[in-house]
1. Starting from the 7 Å offset along Cα-to-Cβ, what nm value, one decimal, do you get for the label separation of I113 and H226?
2. Which entries in K33/K90; K33/K87; K90/K230 show an alpha-carbon gap greater than 25 Å?
3. Kindly list the residues of the stretch 74-98 that lie in the label zone of A105, defined by a backbone N under 17 Å from the point 7 Å along the Cα-to-C-beta vector.
4. Between Q238 and A45, what is 0.36 nm times their sequence separation minus the Cα-Cα distance? Round to one decimal in nm.
5. Give me the distance in nm between label points sitting 7 Å out from Cα along the Cα-to-Cβ direction at K80 and V30, one decimal.
6. First select every other residue whose beta carbon is under 14 angstrom from the beta carbon of G184; then total the charges, Lys and Arg +1, Asp and Glu -1.
7. According to a simple spin-label model (label point 7 Å from Cα along Cα-to-Cβ), what is the distance in nm between Y183 and Q88?
8. Just to verify a number: what accessible area does E109 come out at with the full protein assembly present, 1.4 Å probe, Å² rounded to tens?
Amino acid sequence: MPQDVTPEGRAESRTLVRPIQIRGRFLTAVALKVESGPQDAAFYAALDDLLRQRPHFLVDAPLVLDLEEADGAIGADALKQLVAGLKQRKFAAFGVQNASPDQLAAATEAGLIAVPPGRDTPLRDDRPERRRSSGRGISTATRVVTTPVRSGQTVVADHGDLVVIAPVASGAELIARGNIHVYGTLRGRAMAGAHGDRNARIFCQNLDAELLAVAGLYRTSENLEHEVRKRSVQVFLQDERLCVETLG
């Protein structure tokens, strides 16, 4: 431990404190729209059915409650009961969005935080360096993965493209600033253009994905046409719409 010597000759110890590191993290959160009316047995039956269909996608996933269409009278007790019901089903509710002042107060009392509303359209970034980088066919820094991506694993390419020469399991997650290439079966989630690059694309050899996203615009497996499943495809944005197109 370093020591300082005082004018009187006494040695004093100094404790070195490491600086706090704050880093950004990619987080995929699920938004649950809470409509007006009671969250009764039919509501939870529908949730249970959804969990049975997509357990890897929903279990333990961070969850935001979207109150845009909820009854303005929903209070703290109702929110607490809802959060408890979701927790029993392994939904990790942590925040609310589109809440009125009264709803936000009730949500705070229920242990939730305010979350800015998400966007269903591509994110825009007007910084010059981002404008220069978007539109390039090949990113400057490519991450290559040659081993299978397991369920629950997240692979991130912060600075360029992500190339996976292996299968991607259900419940796994791929995130890239640039393009994503999967030379195998894609069963998990793939999010290209994570910093807002609307020219990014996803390519995969065998599509069986839970979620596909480019620059913030996404589609889930329930919204994929039958003719693109189990096929080689490319995913791209066109006219503010996420397109999935077969190759060959």
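The values are calculated or read from the model by the stated rules, or taken from the named source; none is laboratory data. Nothing here was measured: the structure is a model prediction, and the numbers come from that model. Note that we place each Cβ from the backbone using ideal geometry, even for glycine, and neighbour counts take in every protein chain shown. To get the accessible areas, we keep the full protein, side chains included, count just its heavy atoms, and leave off ligands, DNA and RNA. Shrake-Rupley method; radii C 1.70, N 1.55, O 1.52, S 1.80 Å.
1. 4.5
2. Listed pairs above 25 Å: K90/K230.
3. 74-80
4. Once the chain is fully extended between Q238 and A45, it gains 65.8 nm.
5. 2.5
6. +3
7. Going from the Q88 label point to the Y183 one covers 4.9 nm.
8. Answer for E109: close to 120 Å² accessible.
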